[in-house]
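The next block holds one structure in the form of structure tokens; read it before the comments.
The values are calculated or read from the model by the stated rules, or taken from the named source; none is laboratory data. Every value quoted in this text rests on a predicted model; they were computed, and no experiment measured them. Because the Cβ atoms are built from the backbone with ideal geometry, glycine has one as well, and the counts that use them run over all protein chains shown.
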Amino acid sequence: MNAELNYIIEKVRELYMKYGIKSITMDDVAIELGISKKTLYQHVSDKDDLVGKFIDNEIRVRQEQICKCIIEDSNAVEELFEITVFMNKIIRDQNPATEHDLKKYYPHHYQKITKVRREGVYNYILLNLQKGKEEGLYRNDMDDETIAKLYLSRVESIHVNDLFTVEEFTSTKLFVELLAYHIRGIATQKGIAVFEKKIKELEKNIDKILPEKLKM
């Protein structure tokens, strides 16, 4: 992606995340960028193409962010902590209107990003489970595929029901409880000890570990 197109996509992302996709016209994009529609159409053929490039960029950025969760010399519990922080950030940053518009008006793009997102997190959790078993932090008697699907299902569904308010599902309390619920079900006593140590670090260094909106 060249620098000019990258700049366009960054601005389009700001608009989509703030106002949703349907309401933002190509005229709106051109005005926001301070360019003519003719110039805009030199980079994209139509709005569907623009949405597609926006989705491709989202996929690329998220894959890069997931890779950053794998910290050198960290154990499986610490890595799982990082990926859970990352997943919570994605949930918090989502605009329901953007998600709705993408699903309703651009289902092919919605299916693409959903598929990539699910496969990425699912495969990461599988690798994390295997690593945890090798380190003696996770139980050996688990069905890894089932556990990975349960993790993914819980992460995806928590913000689409009315059981939790926005304040609740972005709070430290819920974050810790969800992680504890998951780890205590899969970890050995050694793994639980590592997790409890990590929670103590969280309590002492909350400003450095968790993003602002995840704090209570």
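Going by the structure shown, is residue 60 out of contact with any strand residue (DSSP E or B) (no Cβ under 6 Å at 6 or more places or on another chain) and without any contact (Cβ under 8 Å) to a residue 40 or more places away in the chain? Spelling it out, residue 60 is indeed out of contact with any strand residue (DSSP E or B) (no Cβ under 6 Å at 6 or more places or on another chain) and without any contact (Cβ under 8 Å) to a residue 40 or more places away in the chain. The residues listed here are 164, 195; of these, the one that is of a type outside the set (Val, Ile, Thr) and farther than 17 Å from residue 81 by Cβ is 164. If only residues of the range 24-46 that are surrounded by fewer than 13 Cβ atoms within 10 Å (Cβ to Cβ) and of a type in the set (Asp, Glu) are counted, the one that is farthest from the chain's Cα centre (by Cα) is 27.
For every residue, the table says whether it meets (1) at pLDDT 95 or above; (2) surrounded by fewer than 16 Cβ atoms within 10 Å (Cβ to Cβ).
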| residue | (1), (2) |
| --- | --- |
| 48 | yes, yes |
| 62 | no, no |
| 96 | no, yes |
| 101 | yes, no |
| 111 | yes, yes |
| 114 | no, yes |
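None of 90, 21, 70, 83 is within 21 Å of the chain's Cα centre (by Cα), closer than 30 Å to residue 188 by Cβ and not in a helix (DSSP H, G or I) except 70. Taking the condition within 30 Å of residue 28 (Cα to Cα) and assigned by TED's automatic domain parsing to the domain that holds residue 22, does residue 63 pass? So residue 63 fits the description; yes. For residue 65, the criteria (1) more than 30 Å from residue 184 (Cβ to Cβ); (2) in a helix (DSSP H, G or I) hold in every case but one, which is (1).
Which members of the range 1-60 meet the condition of being of a type in the set (S, T, N, Q), closer than 18 Å to residue 106 by Cβ and out of contact with any helix residue (DSSP H, G or I) (no Cβ under 6 Å at 6 or more places or on another chain)? Of everything in the range 1-60, those that are of a type in the set (S, T, N, Q), closer than 18 Å to residue 106 by Cβ and out of contact with any helix residue (DSSP H, G or I) (no Cβ under 6 Å at 6 or more places or on another chain) turn out to be 23, 25, 45. Restricting attention to the range 128-148, the residues that are in a helix (DSSP H, G or I), surrounded by 15 or more Cβ atoms within 10 Å (Cβ to Cβ) and either free of Cβ contacts under 8 Å to residues at least 24 places away in the same chain or not small (Gly, Ala, Ser) (or both) total 6.
Condition test on residue 92, is it in the same structural domain as residue 176 (by TED's automatic domain parsing) and either surrounded by fewer than 17 Cβ atoms within 10 Å (Cβ to Cβ) or of a type in the set (A, V, I, L, M) (or both)? When the stated conditions are applied, residue 92 passes them.
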